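Input: a single structure, listed below in structure tokens.
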Amino acid sequence: MTIIEQLTNGDLPDVVAVVAREECVPVETLVPEIIAGRAVVPANNQKNLKAPRGVGKGLRVKVNANIGTSQEHGDIDEELQKVDVAVKHGADAIMDLSTGSRTAATRKAVIARSPVPVGTVPLYEAFLMGGKAAGGIEGVSADDIFERIEAHGQEGVDFVTLHCGLTRESIERMRQQGRIMDVVSRGGALLIEWMVRNKRENPLFEQYDRLLDICARYEMTISLGDGMRPGALADAGDRAQIQELIILGQLARRAVERGVQAMIEGPGHVPLDQVETSMKIQKTLCNGAPFYVLGPLVTDIAPGYDHITGAIGGALAAMSGADFLCYVTPAEHLRLPTVQDVKDGVIASRIAAHAADIARGLPGARDRDDRMSRARKRVDWEAMFNECIDPELARKMRAEIPSRSDDVCSMCGEFCSIKTISGIMKE
């Protein structure tokens, strides 16, 4: 039985109990949210997940880190370093987006290495590798696609991004409206190419029940991909995006009714003033299903700094209802991220998620901040380092002061306001 089916029958899977304990949420509160499809616990039944995570209503905002080899860069050891760094700095999930010739080997290595849930996009392998064998993407059959999805389930993938709501009508709607960036979703673009060349409907949409059976078999959470997500501010909130979102809401409900957990993926590039509205529309159209957003990025002109634009959008998105932030690294739009890029992206998104948890009034969310403030008042550097989101960097920067005093920093020195007021209040 799936997790939803077990909970409906009154049984409590271990992974759900672990999530409730880690989140300090009563089981009686978490269980109804999972049954209703407003929270998920991605955990493939083919393995023992070391660090399960919950995503959705009543839980802290989670952060995902994308890694993966490409045709140009196939170093699996480096990708495993990225897994280690991402998890060390607080990533709650890893997505392997490999597209090169070492895709299968990378995926197996990442699954074996990661203590947190692992997600994939099976369409990459089905179309890119399968297309080569079939003499072109149009030669890939629907059976080939579902075979790859099943293989990912057998290997232990916890959640799969699948663009089930991308239909031929969606393509025509986008064509009629016009966009600056058209389609920026890699899986969405591959699926559109397949649909156009074969003059056929999306098999993931047509044979959705078949997909649900596979996901139920392996307890894979469906992350319903947004093939029409905006890749430019000017394209945000258009008809193609909203139509796909409507379909995804319907498909999420069907998944829950079948006992399969489901998330909804979202934008993308969104102007700051539209972020809150975008989140509320999703929650309304998708029955409160967990919302998994890429960023969103609130400006298009910051290559090299997109971890910052993504954190700005992510904080507002999470405060407004998003449950899962896919990190954005400084390398976004430029190249494959390095290990350092992964660290920077994870920390930026974690800051955004933490800020949102505080704004949402999550019990205990501000405790660490309060401890930090008290340590600052005491000028207790060791306590401050312990509360830092990146203690290593904080220690390094502190140690770089040429001649430092323990009771001040080099910003204010003898004019330190804390030192001044502390002395005055004693008098």
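Every number here is computed from the coordinates shown, using simple stated rules; none is lab data. Note that the structure is predicted; figures quoted are calculated from it, not measured. Here Cβ is always computed from backbone atoms with ideal geometry, including for glycine, and neighbour counts include all displayed protein chains.
Size of the dipole of the chain about the Cα centre, Lys and Arg at +1 and Asp and Glu at -1 on the beta carbon, nothing else charged, in debye to 20?
Roughly 480 debye for the chain.
How big is D, in µm² s⁻¹, for the stretch 160-234 by Stokes-Einstein at 20 °C and 1.002 mPa s if Rh is the Kirkwood radius over C-alpha pairs? Approximately 163 µm²/s, per Stokes-Einstein.
3J(HN,Hα) along the stretch 76-84, derived from phi through the Karplus expression 6.51 cos²θ - 1.76 cosθ + 1.60 where θ = phi - 60°, amounts to 5, 4, 5, 5, 5, 4, 5, 4, 4 Hz, with x in place of Gly and Pro. Helical runs assigned H by DSSP (4 residues or longer) give the chain a calculated mean residue ellipticity at 222 nm of -15000 deg cm²/dmol, each run adding -39500 (n - 2.57) before division by the residue total.
Once C-alpha pairs closer than 8 Å and six or more residues apart are averaged by separation and normalised to the residue number of the stretch 132-203, the relative contact order reads 45 percent.
Cut-off 10 angstrom, C-alpha nodes, Gaussian network model of the chain. Which of ALA104, ALA255, ALA134 fluctuates the most? Answer for the Gaussian network model of the chain: ALA134. For the stretch 226-234, the Karplus equation 6.51 cos²θ - 1.76 cosθ + 1.60, evaluated at θ = phi - 60°, returns couplings of 9, x, 9, 4, x, x, 8, 4, 5 Hz by residue, with Gly and Pro reported as x. Shown for TYR327, TYR305, TYR218: other C-beta atoms within 10 Å of each C-beta, ranked fewest to most, produce the order TYR305, TYR218, TYR327.
Computed over the stretch 143-280, the quotient of the alpha carbon radius of gyration and 2.2 N^0.38 Å is 1.04. Taking a sphere under 11 Å around the Cβ of ILE171 and counting the other residues whose Cβ falls inside, with K and R at +1 and D and E at -1, yields a net charge of -3. Please rank PHE385, PHE205, PHE159, fewest neighbouring Cβ atoms within 10 Å first, as an exposure proxy. With the fewest neighbours first, PHE385, PHE205, PHE159 line up as PHE385, PHE205, PHE159. GNM on the chain, alpha-carbon springs under 10 angstrom: the most fluctuating residue among GLY304, GLY58, GLY314 is GLY304. For the pair ALA105 and ALA134, the difference between a 0.36 nm per residue extended length and the Cα-Cα distance amounts to 8.3 nm. Under a 5 Å amide H cut-off, with hydrogens placed 1.01 Å from N, MET95 pairs with ALA65, ASN66, ILE67, GLY119 among residues at least 5 apart or on other chains.
Could you list SER320, SER223, SER170 in order of exposure, starting from the residue whose Cβ has the fewest other Cβ atoms within 10 Å?
By the 10 Å Cβ count, ascending: SER320, SER170, SER223.
Its Kirkwood hydrodynamic radius, worked out from the mean inverse distance over all distinct Cα pairs, puts the chain at 22.4 Å. Remark: the stretch 253-268, residue by residue, has Karplus-estimated 3J(HN,Hα) of 5, 4, 4, 4, 4, 7, x, 9, 6, 9, 10, 10, 8, x, x, x Hz, where x stands for each Gly or Pro and the curve is 6.51 cos²θ - 1.76 cosθ + 1.60 at θ = phi - 60°. For the stretch 115-238, averaging the sequence separation of C-alpha pairs within contact (under 8 Å, six or more residues apart) and dividing by the residue count gives a relative contact order of 34 percent. Subtracting the Cα-Cα distance of ARG335 and ASP369 from their residue separation scaled by 0.36 nm leaves 8.8 nm. The label point for SER70 and the one for ILE35, both projected 7 Å from the Cα toward the Cβ, are 4.6 nm apart.
The slack between MET397 and LEU12, meaning 0.36 nm per residue of separation minus the straight C-alpha distance, is 133.9 nm.
Could you tell me the calculated FRET efficiency between THR284 and VAL27, based on Cβ-Cβ distance and R0 = 22 angstrom, to the nearest 0.05?
0.20
For the chain, a Gaussian network of Cα nodes joined below 10 Å ranks SER278, SER101, SER373 by mean-square fluctuation, and the top entry is SER373. Note on LYS50: lysines with a C-alpha under 17 Å away, same-chain residues under 8 apart excluded, are LYS62, LYS88, LYS108.
Each part gets one Cα centre, and for the stretch 21-91 versus the stretch 239-268 those centres are 20 Å apart.
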